[in-house]
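The structure under discussion appears below in the form of structure tokens.
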Amino acid sequence: MTHFTTEEWIDFVNRMTTHEKQEAMHKRLGSGCKECAEEFALWQKVRGTAAFESNYQPPADTVRVVKAAYQSAGMIDQEKQAKSLVEVLFDSFLQPAVEGARSMVTGTRQMLYRADSYQIDLQIEPKPGSNLLVITGQMMDVSTPEIVSRGVQVKLSNYRESSVNAVTNEFGEFRCEIDNSGDLELSVPGRGDTPITISLRNALGRLPGDKV
């Protein structure tokens, strides 16, 4: 019997899976599989703990003291003057290929960005049996990590007049599906009226320099 992966159970408890996948995983739980039940129980407990922690807010006095310390060091002014910059912290397509593996990349792509005060984790994968890309992501404001980036408006475009909108949930997560044109553009609110835009050309295509 093939069991679902840890990543699939995490998406399941966070309600980030497709309707068909949810039904299949519910059936597996109902079949009495001990290993699946333990995996589900573990990540359900983790989700419950995270939900409890997300409701915690530091005392107002503590926040004022920390802000005052940054202000006295001139760090707030420096941050306001800094220009918006999108930095790629990790890209699975740029990792060394396994010896003997084919050069054409066709699977899931994992990326981690830093833009302004946000850290944005993205997973891009093709949706089987369709011409859609599934984009799953999570946002965290590293300037206030104790406050979850919930309710953030996310816009995704494929450069062909097709776009979708999503809002991050209580864990800062979002999920979108969009027609696969090969290219993607992700936009979220930035400083002031200037949005943060992440452009990703050839999202799941062949890497530069690959040979057929």
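List of remarks:
- Search result, residues across the stretch 107-116 that are within 22 Å of G190 (Cβ to Cβ) and touching a residue at least 60 places away in the same chain (Cβ under 8 Å): M111, Y113, A115, D116
- The stretch 171-201, residues that are over 29 Å from A50 (Cβ atoms) and at pLDDT below 85: G192, D193, T194, R201
- Test: residue in the stretch 153-170 that is closer than 19 Å to L204 by Cβ, modelled with pLDDT of 90 or more, open to solvent by less than 30 Å² (accessible area, probe 1.4 Å) and not in a strand (DSSP E or B): yes
- Residues that are out of contact with any helix residue (DSSP H, G or I) (no Cβ under 8 Å at 6 or more places or on another chain), crowded, with 17+ Cβ neighbours inside 10 Å and within 25 Å of V13 (Cα to Cα) within the stretch 171-206 comprise G172, E173, F174, R175, C176, I178, listed in sequence order.
- Pick from the stretch 133-145, criterion aliphatic (A, V, I, L, M) and more than 18 Å from R201 (Cβ to Cβ), ranking: surrounded by the most Cβ atoms within 10 Å (Cβ to Cβ): M139
- Listed here are the helices (runs of 4 or more DSSP H) enclosed by the stretch 1-74 that have at least 3 residues being within 18 Å of G172 (Cα to Cα) and modelled with pLDDT under 65: 34-54.
- Hey, V148 open to solvent by 20 Å² or more (accessible area, probe 1.4 Å), touching a helix residue (DSSP H, G or I) at 6+ places or on another chain (Cβ under 6 Å) and aliphatic (A, V, I, L, M) or not: yes
- Restricting the first member to the stretch 117-143 and to residues that are under 24 Å from G192 (Cβ atoms), and the second to residues that are of a type in the set (S, T, Y) and open to solvent by 60 Å² or more (accessible area, probe 1.4 Å), the beta-carbon pairs closer than 8 Å and six or more apart or on different chains are S117/S143.
The values are calculated or read from the model by the stated rules, or taken from the named source; none is laboratory data. Fair warning: this is a prediction, and the values are worked out from it, not measured in the lab. Using ideal geometry, Cβ is built from the backbone for each residue, glycine included, and neighbour counts are taken over all protein chains shown. Accessible surface areas use protein heavy atoms only, side chains included; no ligands, DNA or RNA. Shrake-Rupley method; radii C 1.70, N 1.55, O 1.52, S 1.80 Å.
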